[in-house]
Amino acid sequence: MTHAQLLQEWRLRYLHEPVNDDCPYTRHDGIDIDRLLAGKMRDWYLDLLDNAPLSILAPMEIHDRITNQIVDDEGCLVFKLPDECRRLIAVRAEGCTRDAAITSDLSSRTAQLQLSPYTRGDTHHPVAVIDNREVRLYSVKPGSAAKVEKLLAIVDTPGIYRFDEKALSTIPSPDF
């Protein structure tokens, strides 16, 4: 949806009134409802991207947007997520047989196991550890030129709203 299309849905669902476009009377001293709704709509959308079930979102393949992929001496593929990426859904490096298990909790057991070469992920059981926007993908062959071949993510594209129509039912009721 475009911004205007989603704003119209918000007017219908949040204010429970259709947009009256055929009224010839214009006032310039009232509350800018569309601007107030746009702020609430943006907050709702970002929360949807960050927390909603994947079944109502639209993941995008963005592996071609990654730059500066390096493989360190330990066989870890390191790269930064693009700024528009809100949530990483799946990642796989060349040579891996499956998608990596993903964790962003640096104190989790999964993340801690990656610190040892004896317990870290490998090409059959890869693990991706996210630290802020940096992803460390364990493990590829040290010295290889492996690249990310799959990167599914929930992406925030300014002016474009991507989600399943079911997500519209999560628009909150007015708080006034």
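For residue 159, the criteria (1) more than 30 Å from residue 15 (Cα to Cα); (2) among the small types (Gly, Ala, Ser); (3) open to solvent by less than 80 Å² (accessible area, probe 1.4 Å) hold in every case but one, which is (1). Selection within the stretch 85-140: residues that are polar (S, T, N, Q) and closer than 26 Å to residue 156 by Cα. The member of this set that is most open to solvent (accessible area, probe 1.4 Å) is 132.
Residues checked against (1) in contact with a strand residue (DSSP E or B) (Cβ under 6 Å, 6 or more places away or on another chain); (2) of a type in the set (Phe, Trp, Tyr); (3) modelled with pLDDT under 85; (4) open to solvent by 40 Å² or more (accessible area, probe 1.4 Å):
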{"site": "10", "(1), (2), (3), (4)": "no, yes, no, no"}
{"site": "14", "(1), (2), (3), (4)": "no, yes, yes, no"}
{"site": "21", "(1), (2), (3), (4)": "no, no, yes, yes"}
{"site": "24", "(1), (2), (3), (4)": "no, no, yes, yes"}
{"site": "28", "(1), (2), (3), (4)": "no, no, yes, yes"}
{"site": "39", "(1), (2), (3), (4)": "no, no, no, no"}
{"site": "44", "(1), (2), (3), (4)": "no, yes, no, no"}
{"site": "55", "(1), (2), (3), (4)": "no, no, no, yes"}
{"site": "65", "(1), (2), (3), (4)": "no, no, no, yes"}
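One residue stands out in the stretch 122-144 among those that are in contact (Cβ under 8 Å) with a residue 60 or more places away in the chain and within 24 Å of residue 83 (Cα to Cα): the one that is farthest from the chain's Cα centre (by Cα), namely 138. Filter the stretch 67-84 down to residues that are β-branched (Val, Ile, Thr) and modelled with pLDDT under 90 and give me whichever is surrounded by the most Cβ atoms within 10 Å (Cβ to Cβ). Among those residues, the one meeting the criterion is 71.
The values are calculated or read from the model by the stated rules, or taken from the named source; none is laboratory data. Quantities reported herein were computed from a predicted structural model and do not represent experimental measurements. For neighbour counting, all protein chains shown are included, and Cβ atoms are generated from backbone atoms with ideal geometry for every residue, glycine included. The area values use the complete protein model at the heavy-atom level, side chains included, leaving out ligands, DNA and RNA. Shrake-Rupley method; radii C 1.70, N 1.55, O 1.52, S 1.80 Å.
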